[in-house]
Amino acid sequence: MAERTAFIGARVVDPASGRDEVANVLVEGGAVAAVGPDASLRGASLVDCHGLVLAPGLVDLHAHLREPGREDAETVETASRAAAAGGFTAVAAMANTDPVADTPAVVEEVRSLASRAALCDVFPVGAITKGLAGEEMAAIGEMAAIGVRLFSDDGRCVPTARVLRNALQYAKAFDAVIAEHCEDPSLAEGGQMHEGIHSYTLGLTGKPAESEEIVVFRDLALARLTGGRLHLQHLSAGGSVELLRRARAAGVRVTAEVTPHHLVFVDEDLVTYDTNFKVNPPLRTPEDREALRAALADGTIDAVATDHAPHAVEDKEAEFDQAPPGTIGLETALAAVLTHLVEPGLIPLPRAIEALSTAPARILGASGHGGPIEPGRPANLVVFDPRAEWVVEPPFVSRSRNSAFLGKSLRGKVIHTVLRGEPVVGDGKPRR
Ligand code: DOR
């Protein structure tokens with residue numbers, strides 16, 4: 001990028017500073033140099049952004065990068081390119097790799113892969129328990145000492161209250177966050193989809209909403225008991241939202257996320273046995289979806305997180321009960337939220353940006369991301385066209401193509417993603 005670049009005429013939406021106005025943003029030496037309707041453009045190369053939105057780069061609290069271990073499905077490099085194409089400047093990389101990220105060595109391996117090739121900042125998540133086995137605590141202290149902030153056994157729930165209590169208690173010493181995949185294994189085992197009328201008619205084993213709610217209840221109680229910081233991952237059930245709302249009102253230190261696919265799809269979408277709708281936790285009822293949307297709107301749920309879960313074609317094309325759960329999401333998250341929540345007026349655009357950027361950056365401790373867009377701050381930015389319509393179809397930037405949004409028409413297209421002043425995506429395409 002030229003020494004000085006000015007993005008001119010965009011609607012600048014920056015929840016961290018409260019700014020929402022048409023303005024110019026001047027970037028120089030990797031940082032924001034000026035912002036405002038009258039920011040000086042002298043000597044800068046101009047990027048016309050009239051009709052576009054400029055916001056802090058998106059931040060994903062929940063992505064599966066699959067490296068090390070399943071490089072056939074995704075790598076740190078390909079996931080980071082998909083992230084950048086989707087407007088993300090930072091992603092949290094889940095620990096369920098092979099080997100599991102339960103030691104500083106695996107965390108450092110992911111970091112070094114990212115430093116060589118990534119088009120966004122990658123924040124490795126540490127496992128809560130060794131090998132995700134739910135028994136012995138992982139090296140949380142050692143991983144926290146090298147800067148890991150979020151710990152999760154995602155893909156699996158921490159099965160016993162005792163282990164989760166110890167983790168919450170221990171993580172407190174490092175101000176680390178324990179992020180939980182809430183699903184009682186004894187109740188969810190063998191389940192293929194949400195348990196209800198559609199699982200009965202499709203002849204698929206169900207997982208009741210209670211398999212999530214029971215763990216949400218347990219974990220909120222343990223967060224209250226320990227004073228530790230709890231983050232609830234990919235909430236799917238209205239009952240969980242009610243428990244969360246009450247706990248927040250009572251002052252429990254808890255945050256929560258919801259995925260775009262749980263905000264858009266429901267259990268009935270599985271009638272075609274399309275394995276791209278097989279996700280964990282499962283898509284639930286329209287009432288659950290309404291509750292999730294309302295909770296995102298009023299801030300009970302802090303963040304939208306993708307749960308980007310790439311799987312190789314041959315794995316996803318298996319029989320429904322053999323196919324692994326998961327949908328990719330980095331390239332569609334922003335457009336899904338714009339199309340299904342902002343356009344119909346369910347949430348205002350600044351709240352959407354807060355949920356996709358400012359709030360997750362705060363939870364992750366990703367300083368320099370999520371705004372504010374102010375002089376001296378790193379220029380981590382996204383520019384998108386909120387009206388551009390496109391159909392989700394291959395090729396994807398991700399190495400995998402198991403998208404629940406396949407064939408769907410969405411509105412909202414990323415035009416530029418800027419990482420510390422560098423244009424990593426330009427005119428909608430990753431630059432390298
Ligand atoms: O759908 C999912 N896929 N949910 C998870 O919790 C794990 C993830 C994966 O790793 O594939």
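In segment 187-220, which residue that is assigned to a helix (DSSP H, G or I), away from the ligand (no atom under 16 Å from the Cβ) and open to solvent by less than 30 Å² (accessible area, probe 1.4 Å) is farthest from Val266 (Cα to Cα)?
Leu220
Scan the strands (runs of 3 or more DSSP E) fully inside segment 12-81 and keep the ones with 1 or more residues being within 16 Å of Leu349 (Cβ to Cβ).
In segment 12-81, 19-28, 53-56, 58-63 are the strands (runs of 3 or more DSSP E) which contain 1 or more residues that are within 16 Å of Leu349 (Cβ to Cβ).
Does Ile353 satisfy being part of a loop (DSSP other than H, G, I, E, B), modelled with pLDDT of 95 or more and buried (at least 24 other Cβ atoms within 10 Å of the Cβ)?
Spelling it out, it is not the case that Ile353 is part of a loop (DSSP other than H, G, I, E, B), modelled with pLDDT of 95 or more and buried (at least 24 other Cβ atoms within 10 Å of the Cβ).
Which residue pairs have Cβ atoms closer than 8 Å, lie 6 or more positions apart in sequence or on different chains, and pair a first residue in segment 199-227 that is touching a residue at least 40 places away in the same chain (Cβ under 8 Å) with a second residue that is among the hydroxyl-bearing types (Ser, Thr, Tyr) and buried (at least 23 other Cβ atoms within 10 Å of the Cβ)?
Going by the 8 Å Cβ cut-off, the qualifying pairs are Ala209/Ser236; Ala209/Ser240; Glu212/Ser236; Glu212/Ser240.
Just checking, which of Pro324, Pro281 is surrounded by fewer than 24 Cβ atoms within 10 Å (Cβ to Cβ), assigned to a loop (DSSP other than H, G, I, E, B), within 11 Å of the ligand (Cβ to nearest atom) and not hydrophobic (A, V, I, L, M, F, W, C)?
Going through Pro324, Pro281 in turn, just one is surrounded by fewer than 24 Cβ atoms within 10 Å (Cβ to Cβ), assigned to a loop (DSSP other than H, G, I, E, B), within 11 Å of the ligand (Cβ to nearest atom) and not hydrophobic (A, V, I, L, M, F, W, C): Pro324.
Among the residues of segment 100-117, is there at least one that is open to solvent by 20 Å² or more (accessible area, probe 1.4 Å), assigned to a strand (DSSP E or B) and in contact with a Gly (Cβ under 9 Å, 6 or more places away or on another chain)?
no
One residue is enough: does segment 125-134 have a residue meeting the conditions buried (at least 22 other Cβ atoms within 10 Å of the Cβ), over 25 Å from Arg162 (Cβ atoms) and touching a residue at least 40 places away in the same chain (Cβ under 8 Å)?
no
Among the residues of segment 145-163, what is the count of those that are touching a strand residue (DSSP E or B) at 6+ places or on another chain (Cβ under 7 Å), more than 16 Å from the ligand (Cβ to nearest atom) and aliphatic (A, V, I, L, M)?
2
Quick one: Thr103 ticks every box in (1) away from the ligand (no atom under 16 Å from the Cβ); (2) of a type in the set (Ser, Thr, Tyr); (3) closer than 22 Å to Trp390 by Cβ bar one, so which box is it?
Of (1) away from the ligand (no atom under 16 Å from the Cβ); (2) of a type in the set (Ser, Thr, Tyr); (3) closer than 22 Å to Trp390 by Cβ, only one is false for Thr103: (3).
The values are calculated or read from the model by the stated rules, or taken from the named source; none is laboratory data. All values reported here derive from a predicted model rather than from experimental measurement. Heads up, the Cβs are rebuilt from the backbone with ideal geometry, glycines too, and the neighbour counts pull from every protein chain shown. Accessible surface is based on the protein model in full, side chains and every heavy atom, while ligands, DNA and RNA are left aside. Shrake-Rupley method; radii C 1.70, N 1.55, O 1.52, S 1.80 Å.
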